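Take a look at the structure set out below.
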Amino acid sequence: MKFTFTDKKVNLPKSLHNYAEKKVGKLDRYFKNEAEANLVFSVEKDRNKVELTIRSGGTILRVAESTSDMFASVDAAVTSMERQLRKHKTRLEKRLRQGAFVQPEAGEETSFVPDVEENDFQVVRTKKFPIKPMTVDEAILQMDLLGHSFYAFKDEDGGAFAVVYKRNDGGYGLIEDEA
């Protein structure tokens, strides 16, 4: 597993990076291909935050955890990532390494998160509406007028499908189709 560490507005000891590499490295058993792990460490409002993103093939997994201790945040992020993997294991098994979800023999040390009941994705509501060509500014205005957190539209300039959304920092984001 390849690791990338980013420290935002905080200087952390090398021992924390080594600890995170050891803990996150245990997740390598789930992936066929060489996985890339990106860890972002930051401190927000006296909370130590760890964002863990793992890319393997076409699969991207992301979790973020914050606690009062950076080491505990790393542990919580690894646990959450493993829980996410186990929750969606049947959907991911084709993409992940064979035998990754096999329980170890009795007496062996394990860090497995308990199996979780898997529920199928359930669409509870479907809406159909015409997607009108408009500019990004018009789409943001329409989103704000509706009070939604995102808005899908057809970009007037390129004619491609796009989505604008509200970001947690108060700004706006844009997702565009490459076509």
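The values are calculated or read from the model by the stated rules, or taken from the named source; none is laboratory data. Keep in mind it's a predicted model, so treat the numbers as computed, not measured. We place every Cβ from the backbone using ideal geometry, glycine too, and count neighbours over all the protein chains shown. Keep in mind that these areas ignore ligands, DNA and RNA; they rest on the heavy atoms of the full protein, side chains included. Shrake-Rupley method; radii C 1.70, N 1.55, O 1.52, S 1.80 Å.
One table, with the values for the structure above:
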read-out	value
Inter-centroid distance (Cα atoms) of the stretch 162-176 relative to the stretch 1-79, Å	25 Å
Over 25 Å between alpha carbons, listed pairs Lys14/Lys45; Lys132/Lys166; Lys87/Lys127; Lys87/Lys166; Lys128/Lys166	Lys87/Lys127; Lys87/Lys166
Segment Ala152-Lys2, length gained on full extension (0.36 nm per residue, minus Cα span)	50.5 nm
Accessible area of the stretch 1-92 divided out per residue, in Å², using a probe of 1.4 angstrom	53 Å²
Placed amide H near Ala35: partners under 5 Å, 5+ positions off or other chain	Lys2
Other-chain or far-sequence residues with amide H under 5 Å of Asp7's (modelled H)	Phe41
Highest average packing first - 14-20, 3-9, Cβ atoms within 10 Å	14-20, 3-9
Under Karplus coefficients 6.51, -1.76 and 1.60, residue-wise ³J(HN,Hα) of the stretch 132-137 in Hz, glycine/proline x	8, x, 7, 7, 4, 4
Full-stretch length increase - Arg29, Thr53 - with 0.36 nm per residue and alpha-carbon distance subtracted	7.0 nm
